[in-house]
Structures are given as structure tokens and as C-alpha cells.
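Shown next, in C-alpha cells, is the structure this report addresses.
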Amino acid sequence: MEKRTLEEFLSAYSEGKRHFMNWNFDEELSVRGMDLTDVYFENCFLFLDFRESKLMNSKFIRCNIKTADFRFSNLTNAMIKNCSVESTIFEGAKTDTLIFEENYCYGNTVNQNDFEKIFKNSEEFYTKIKLVNKFLNAKEIGNILTGVIISGEINANDLLIINNKIEIPILEVEMHNLISKQRSFAITISREFYDTVTWHELYGTELKIKNTIKNKAYSK
């Protein structure tokens, strides 16, 4: 898997390249509103913001598109096959002729009928945060992470997502609205995750929290 930048992708696409194989893009990049007609991603890691983009005749084959955002995009005659599609959002997208086959979601194989029932009108069900600090919980049950909510809500039992693959359960949540129009939080995580990442390297960065309450409703 080759690590690539958004600039490399856009340059190659503008020069006529359409088939991108084994490309790995950084998290939180955006191609919002762009015309990517006929693009073909194969065996790629794509955590991109595709909102309002033109993806007619596009193909996503054997890709990881977890958390990718396709809201209000044009997926006319597109194909998504053999992809990981957890937390992928399609609300408002043009998908009447989208082919959605043999994809994977939370250990299940999902197909066209599942797309129509579950994914087609799916709304955002993760929260975006900016992490600020970490310190030990006085109760000795874990570590406290503090930060600011960018969008969404946080509840106990939600899952903090690290590197798009590590899911850390949130034990407790406290909200602190000390600054007007800013929602600050303190969440407690188990100490078993103390060495999961180098936490100070994440300070000031945006992370995602999977909302388990919405996920339960989503999976019915």
C-alpha cells in the first residue's frame, strides 16, 4: 500500500489517470465538490470527504472506505464492491443506479438490499473532537482526556477512534461550557489503553468518536 497525498491524486487525475490501485490517503482529506467522473479506486484506503462531488461511473473495489462521506454526491452508475463500509454516509446522494455488492460492515456482508434499507439515507453517527490534554483520573479507574467538541455529541459507551482502527470505549463523560459557544469535555478511558498511542502527539488534532446509541439504531 503506497502512502499518497491529495495533491498527487489530483495531479494524476487531471493528467488523465483514472485507475488508482494500492493508494493510501491520509485521514480527513477532502475532495468536496470536485468532478471525479470515471475514477476507479482499487485496494485503496480512502477516508475522504466526497460530499457534493461528481462520481458518475466511479468504482470502489476492495477498498477501505470506513467513515467516508458521500453526502449529496452524484454516484450515478457507480459501483462499490468488496469494500469495508462501516460508518460510511450517503444521505442525499444520487444512488438510484449505484451497484453495491459484497461489502463488509461490522462483520456482516451487505448488499444492494442492505444499502436501500440501511445506508441510503444514513445520517452522520460519529462525533468530531479536538483533543487537548490527558491526565490520570483521581478515582484510579482510568485516564481523562480533555478537549473540544467540533460537531456531534458524546455519551458513555461511545468509542474513541484512533488511526481509524483502534476503538477505545468511553467510560465516563463530563461537559464543561466554560467558554461561550465552545463545548469542552472530559472523557474517561480505561488505563489498559495507556500505552495504546503516544497521546501528546494527538493534542490539537481532530479525532472521531463512534456514537454507539446511533449505531444500534442504524444496525436494526
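The values are calculated or read from the model by the stated rules, or taken from the named source; none is laboratory data. It should be emphasised that the depicted structure is a prediction, and the values quoted were computed from it without experimental measurement. For neighbour counting, all protein chains shown are included, and Cβ atoms are generated from backbone atoms with ideal geometry for every residue, glycine included. Note: areas computed on protein heavy atoms with side chains; ligands, DNA, RNA excluded. Shrake-Rupley method; radii C 1.70, N 1.55, O 1.52, S 1.80 Å.
If you take the charge dipole of the chain about its Cα centre, with +1 on Lys and Arg Cβ and -1 on Asp and Glu Cβ, which of PHE100, CYS83, ALA156 is farthest toward its positive end?
Of the candidates, ALA156 comes out farthest on the positive side.
Report, in deg cm²/dmol and to the nearest 500, the calculated mean residue ellipticity at 222 nm for the chain, where each DSSP H run with n ≥ 4 adds -39500 (n - 2.57) and the sum is divided by the residue count.
On the way: 2 runs with 16 residues, N = 220.
Here the helix-only value at 222 nm equals -2000 deg cm²/dmol.
Please list, in order along region 157-174, the HN-Hα scalar couplings obtained from phi with the Karplus expression 6.51 cos²θ - 1.76 cosθ + 1.60 (θ = phi - 60°), rounded to whole Hz, x for Gly and Pro.
Couplings: 6, 5, 10, 6, 9, 10, 6, 6, 9, 8, 10, 10, x, 9, 7, 9, 9, 10 Hz.
Sort 71-82, 160-171 for me by packing, meaning the mean count of neighbouring Cβ atoms within 10 Å per residue, highest on top. Could you put the intermediate results ahead of the total?
Working: 71-82: 20.0, 160-171: 16.0.
Averaged packing, sorted descending, gives the order 71-82, 160-171.
Checking a compactness column here: for the chain, what do you get for Rg(Cα) / (2.2 N^0.38 Å), N being the number of residues?
Details: Rg = 18.5 Å, N = 220, 2.2 N^0.38 = 17.1 Å.
Against the empirical 2.2 N^0.38 Å value, I get 1.08 for the chain.
With +1 assigned to the C-beta of every Lys and Arg and -1 to the C-beta of every Asp and Glu, and no other charges, what is the dipole magnitude of the chain about the Cα centre in debye, to the nearest 20? Working shown, then result.
Working: 28 positive and 32 negative charges, 61 e Å.
The calculated dipole for the chain is roughly 300 debye.
Computing the accessible area with a 1.4 Å probe over protein heavy atoms, can you report the carbon and sulfur percentage for the chain? Can you show the working numbers first?
Working: 5340 of 11340 Å².
On the chain, the fraction of accessible area on carbon and sulfur atoms equals 47 percent.
Whole number in Å², please: accessible area per residue of region 42-82, 1.4 Å probe, ligands, DNA and RNA not counted. List each step's numbers first, then the result.
Numbers: 1380 Å² over 41 residues.
About 34 Å² of surface per residue is accessible.
Amide H neighbours of ASP35 under 5 Å, counting only residues 5+ apart in sequence or on other chains, H built in-plane at 1.01 Å?
LYS54
Using the Karplus curve 6.51 cos²θ - 1.76 cosθ + 1.60 with θ = phi - 60°, work out ³J(HN,Hα) for each residue of region 97-103 in order, rounded to whole Hz, and write x for Gly and Pro.
10, 6, 9, 10, 10, 6, 9
Given a cut-off of under 8 Å on Cα pairs at least six residues apart, what relative contact order in percent is computed for the chain?
Working: 537 pairs, mean separation 26.7, N = 220.
Here the relative contact order equals 12 percent.
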